[in-house]
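Report on the structure given below.
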Amino acid sequence: MTKKAARVKTPDNILMALQEAQARSGPLTPEVMAGLAASLGVPSNDVYGVASFYSFLSIRPLGRNVIRVCQSLPCHLKEGQAVIDAIRKALGVGPGRTTEDSRFTFELVNCIGLCDGAPAMLINHDVHTDLTPGKIAGILQKYK
Amino acid sequence: MGNISLTLNGTPVSAPQGMTILEVARENGIDIPTMCYLKDLAPVGACRLCVVEVEGSRTLVGSCHTPVTPGMVIQTHSPKVLEVRRVLIELMMASHPDTCIVCEAANCCELRLRATDLEVGMPRFRTRMHYFPVEDENPSIIRDMSKCILCRRCVAACDNIEGKKMFSLAYRGFETKVIYDLDKPIGSNETCRDCKTCITLCPTGALRLPMKFGQEKKGPVLYVKG
């Protein structure tokens, strides 16, 4: 779908509209979602349903850097859980949380299409593949 | 539309084209258990309880949304089908709180009824249960999402029958939940009409009428076998 089509306010465009809203003004607040619902002509519960389903749409405030670790099967089989545990230890917060200094938000996501380099994660838009617990500290250092 | 012939549990039957397997089975007096299916509404196919074995099909098919085709050979109660249905009920029971003894819906609970019919005992699976606070502020509905088995009946009913769409599904996987507004509890002055449609349709005690102590319970009494 093109950018132009996204501007057409129809219920089918709910996902595009949410993406646009997030790109424009950051994580989706209840006010933003309620406004979108009114302009698209869909119930606000539907907007919330879509926003909460997708990992790349956020309904909570995020930290400066967002860590998205894959939790799908190929990564899991390649010791993905050890990587998740290592990140949890390094940050001091579990998945779904933001560190107190707002430096990192730690999230578990479903397949990010990097199975050839499993276990994999994204930090912001940077790809990190073939992770081991030992590599975590070095990678996290690069993000302030 | 002409009639087509097919085989249902070894008996040849004929049915009009476009009918689903479930409709044909019910017309022929075969009881396929269902949970999410609502007559006259578009099938959702969420609960999978109505699965049947179709010869030549790689997997079991949901009978509520599969139309019959000429020459279809269907088994509605084969050992394989029954085993799958038992596991499905077991999975629903595993994440459902074990509070039947104090539940308002205990004597008219469809989940319990199905479990009894299929002779499902204690679930083998240990899973983390979801606990949500009971939403009892609204004068026309009490919602206890801990008891919800995600059959989506209330979502479909509110959308199709009442045309309101008060409920949606949110989150993902094990976290999936039927939400109201932006995942808020239904407050005292919300726009929910006093139609009781979703309450009547809820198979468990997740949705119920605000009721005072001593008031008569509605619904047939469930006799538990053995």
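Structure values in brief
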item: Given charges at beta-carbon only (K, R positive; D, E negative), |dipole| of region A:65-141 in Debye; result: 120
item: Efficiency of FRET between A:LYS142 and B:ASP117 - r from beta-carbon atoms, R0 45 angstrom, step 0.05; result: 0.15
item: Computed label-point distance, nm, for sites A:ARG64 and B:SER14 using a 7 Å Cα→Cβ extension; result: 7.7
item: Centre separation in Å (Cα based) which lies between region B:130-145 and region A:78-97; result: 34
item: Relative contact order, percent, region B:3-77 [alpha-carbon distance under 8 Å, six or more residues apart]; result: 40
item: Amide N proximity, region A:43-77 versus A:ASN124 label position 7 Å along Cα-to-Cβ, cut-off under 14 Å; result: A:63-68
item: Highest-fluctuation residue, B:ASN107, B:ASN189, B:ASN160 considered, GNM on chain B with Cα pairs under 10 Å; result: B:ASN189
item: Whole-Hz couplings from phi, Karplus 6.51/-1.76/1.60, listed for region B:182-194; x for Gly and Pro; result: 8, 6, 10, x, 5, x, 6, 10, 7, 7, 4, 7, 7
item: Residue among B:VAL13, B:VAL44, B:VAL178 with the largest mean-square fluctuation in a Gaussian network model of chain B, springs linking Cα atoms under 10 Å; result: B:VAL13
item: Shielding by partners - mean other protein chain Cβ count within 10 Å, residues of B:13-20; result: 0
item: Shielding of B:172-180 by partner chains, average beta-carbon count, 10 Å; result: 3
item: Cross-link pairs beyond the 30 Å C-alpha cut-off, checked among A:LYS9/B:LYS184; A:LYS9/A:LYS144; A:LYS78/A:LYS144; A:LYS78/A:LYS142; result: A:LYS9/A:LYS144
item: Ranked packing of B:151-158, B:139-146, A:124-131, most packed first, by mean Cβ within 10 Å; result: B:151-158, B:139-146, A:124-131
item: Fluctuation leader among B:THR59, B:THR34, B:THR69 - chain B, Gaussian network, Cα springs under 10 angstrom; result: B:THR59
item: Dipole of region A:3-53, positive direction: furthest Cα of A:ALA38, A:ALA21, A:ALA51, with charges on the beta-carbon; result: A:ALA21
item: Average other protein chain Cβ within 10 Å of Cβ, residues B:163-169; result: 4
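Coordinate-derived values only; no laboratory data. What you see is a predicted model, and the numbers here were worked out from it, not measured in a lab. FYI the Cβ positions are ideal-geometry reconstructions off the backbone, even for glycines, and counts take in every protein chain you see.
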